[in-house]
Amino acid sequence: MNKNYMFSLIAVIVLFLIAYFGVETAGLHVLFGIVIPYLAALIFIVGFVYRVRDWAYSPVPFRIPSTCGQQASLPWIRQATYDNPSSNGGVIVRMILEVLFFRSLFRNMRFELKGGKKLSYIWEKWLWLFALAFHWAFLVVVIRHLRFFAEPVPFWVQFLEYLDGFVRVEFLSDVLQVGLPGVFMSGLVLLVAVIFLFLRRVFISQVNYISLASDYFPLFLIMGIAISGILMRYFIKVDIVGVKEFTMGLATFSPSIPEGVGVIFYVHLLFVSVLLVYFPFSKLMHLGGVFLSPTRNLANNSRAKRHINPWNYPVHVHTYEEYEDEFREKMIEAGLPVEKESN
Amino acid sequence: MPRQMYDKGKIVAGLVIFVIIATFPFWYNIGKAAPAPELKLTDKAKAEKECVMSVTDMKAGHMQLLDEWRDEVVRSANRLYVNSKGKSFNMSLSNTCLDCHSNKADFCDKCHDYASVRPYCWDCHIDNPKATEEAKE
C-alpha cells in the first residue's frame, strides 16, 4: 500500500461514483452531458495556450548542448549530425525523432553492480516500447473518435479504422461475447500499455520512490477511460447512433440529451472531461512541452556563433587600452612596458 | 526588466496549429446539415410492430444477435430461435431480417454510414436475398 497511488485510485473511483449517481440517481444529464464537457473543452484549450505562452516568457539565451554524439568541430572529425546538430535542418530531424519515436527514451539503460564490484550497463527498452505503444495507441484512439464528431466521417478516419480493425478476432462463449463489433487493436494496446506504466511505478523501487499522486492519477484516469470505452464497445452495448447524435449536437452547438444511452457513457464522458480539465495544470502538458525542450530544439553551435544573454546588466568596462591611455606617462616614467608609446 | 515573449513567431504559430487541431469538430461541421438518420420502416415491418427483440435491445445488440445466429446455424444446424416472448423465428438474415427490412439502403446502411461502421454481412448476403433464394431452388 502506498498513499500516493491509493489517493489517486480513490479519486478516480469517486469520479466514477459522481458520474454514476449523478446521472442514474440524480438525473443530472444536462450537467454531465453538456455543461461539464463544454467547460472541459474550454479549460483545456485556454489553459493549454496560457501555459505555453507563459513558458515563452522564459528566455533560453544559451544553447544547452546535452547531446549524445560528436559535435561539429574539425572537418576531419565526423559529426553526429542528428544527435548533435549544428544546423536547423539537423535540429528538425532530432525533434521529429524525439516527438514521434522518443529517441531520448530509447537510450534508457539500467545500471547494476554485479557482485558488488563490476558495473554493468543493461539493455532496457521496455519503458521506451510501452511508452511508444501507449502514445501511438492513444493518438489512434483519439483520431478514431472523430467518427463521432464529424459528419460525413472523413476518409482518413475510416481508413484508420480499417487499419486498426485489421486483425479480426471474434469468439463466443456462453457468458460474454468478444469481437463484435470488430476489435480495434488500439484500445486494447492502450489499456495494456497504461497498466504496464502503472506497474512499473509500483514494482521498480527507485521509480516507486519518486512517484507522486500526480503521477498515478492520470494513469488511473486513462485506465478508467480505456476500460469504460472497451466496456461500452464490446460488453455493455450502447446505442451508438444515439451517442453520435449527442456528440454532433455538442460539435454544432445545438446540444441535446440522447434518450436511452446507458450510464456507462456518462462515466466515460466525465473521465474524459476531467482529463481535459486536468491537462493544462499537470505533467500532461508535456504534449506542448516536448516541442519546447531546450536540450532538443537548439542547435549546438556555441563554438561557431556567439549567443548573448538578453538580460545582461549593462556593466561599465574599463578596458586595458583605456587604462593605458589614462596612465601611459606614469607607466613610462616608472619603466613599465606599454603597448603604445603615445596617444 | 519588462517581461517579454521570446521566439514569439514560432510560439504563436505552434499555438495556432494546436487550436486549429483541438477545435476540429467545431469547424469541420460548420455549414453541414448532419441530422441523425431517420429509419424508414417498410409496410411489412410496420405491420409486424415488434422485432425479434425490443427496439432498444435491437439498436444496441443486433450485431451480437446476428453473430449468435450465424454460429448456431453454421455449427449446430439449428435454425429455430425462440425469443423472450416465446415467439419462434427462423434464424436467417436473408429470410427473416431482410424479409421485413427489405429496404437495406434506408434501414441498415443509413445508421451504419452515420456511425462509420462497415459490417461484413454484405460480403456474402447480397442486397436482394430473394433473388438468390429463387436461383438456388
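The values are calculated or read from the model by the stated rules, or taken from the named source; none is laboratory data. The structure presented is a predicted model; accordingly, all values stated were derived computationally and were not measured. FYI the Cβ positions are ideal-geometry reconstructions off the backbone, even for glycines, and counts take in every protein chain you see. SASA here: full protein model, heavy atoms, side chains in, ligands and nucleic acids out. Shrake-Rupley method; radii C 1.70, N 1.55, O 1.52, S 1.80 Å.
A few notes on this one:
- The stretch A:1-121: C-alpha gyration tensor shape, a/c 1.5 cut-off, then a/b vs b/c: oblate
- Crossing angle, helix A:320-334 versus chain A [Cα axis fit, 0-90 degrees, rounded to tens]: 20 degrees
- Expressed per residue, the C-alpha convex hull volume of the stretch A:229-343 stands at 238 Å³.
- Exposure check, 1.4 Å probe, all protein chains in place: A:VAL189 carries approximately 60 Å² of accessible surface.
- Per-atom-type breakdown for the stretch A:3-306 gives carbon and sulfur 71% of the accessible area (1.4 Å probe, protein chains only).
- Per residue value of the accessible surface for the stretch B:1-72 (all protein chains in place, 1.4 Å probe), Å²: 68 Å²
- Assuming charge only on the beta carbon of Lys and Arg (+1) and of Asp and Glu (-1), the dipole of the protein assembly as shown about its Cα centre is about 980 debye to the nearest 20.
- Annotation for the B:A interface, with buried accessible surface near 3600 Å², both sides summed [1.4 Å probe; non-protein components not counted].
- Chain-alone versus full-assembly comparison, the stretch B:97-119, residues with accessible loss of at least 40 Å² (1.4 Å probe): B:TYR114, B:ALA115, B:SER116, B:ARG118
- Scaled radius of gyration (Cα, divided by 2.2 N^0.38 Å) that chain A gives: 1.43
- Partners of A:LYS117 within straight-line reach, counting lysines whose Cα lies under 25 Å from its Cα and excluding those fewer than 8 residues away in the same chain: A:LYS125.
- Other protein chain C-beta atoms within 10 Å of residue C-beta, averaged over B:15-23: 3.
- Under 13 Å, Cβ to Cβ, from B:PHE18 - net charge with Lys/Arg +1 and Asp/Glu -1: +3
- Per residue of A:151-160, other chain Cβ atoms within 10 Å of the residue Cβ number 3 on average.
- Ranked packing of A:238-248, A:6-16, A:110-120, most packed first, by mean Cβ within 10 Å: A:238-248, A:6-16, A:110-120
- Computed [θ] at 222 nm, helices only, for chain A once each DSSP H run of length n ≥ 4 contributes -39500 (n - 2.57): -17000 deg cm²/dmol
- Cut-off 15 Å between beta-carbons: net charge of the residues surrounding A:ARG201, Lys and Arg +1, Asp and Glu -1: +2
- Leading residue at positive end of dipole, the stretch A:280-343 (Cβ point charges), from A:HIS316, A:GLY288, A:GLY335: A:GLY288
- Rolling a 1.4 Å probe over the protein heavy atoms leaves B:PHE24 with an accessible area of roughly 20 Å².
- Dipole of the protein assembly as shown [Lys/Arg +1, Asp/Glu -1 at C-beta], most positive-end residue of A:ASN108, B:TYR28, A:GLY27: A:ASN108
- Protein heavy-atom accessible surface, 1.4 Å probe, per residue over the stretch A:70-206: 62 Å².
- Accessible surface, 1.4 Å probe, highest first, among residues A:TYR121, A:TYR323, A:TYR20, A:TYR266: A:TYR121, A:TYR323, A:TYR20, A:TYR266
- Unit Cα scatterers, Debye sum, the stretch B:43-136: log10 I(q)/I(0) for q = 0.11, 0.23 Å⁻¹: -0.33, -1.59
- Measuring between their Cα centroids, the stretch A:321-343 and the stretch A:221-243 lie 86 Å from each other.
- Solvent exposure of A:ARG144, expressed as accessible area, is near 30 Å², computed with a probe of 1.4 Å over the protein chains only.
- The angle between the Cα long axis of helix A:3-24 and the main principal axis of chain A comes to about 40°, on a 0 to 90 degree scale.
- Contact order normalised by residue count of chain A, Cα under 8 Å, 6+ apart, percent: 29 percent
- Shielding by partners for peptide B:52-65, expressed as the average number of C-beta atoms from other protein chains within 10 Å of each residue's C-beta, is 3.
- Positive-pole candidate from A:VAL241, A:HIS307, A:GLY187, dipole of chain A, charges at beta carbon: A:GLY187
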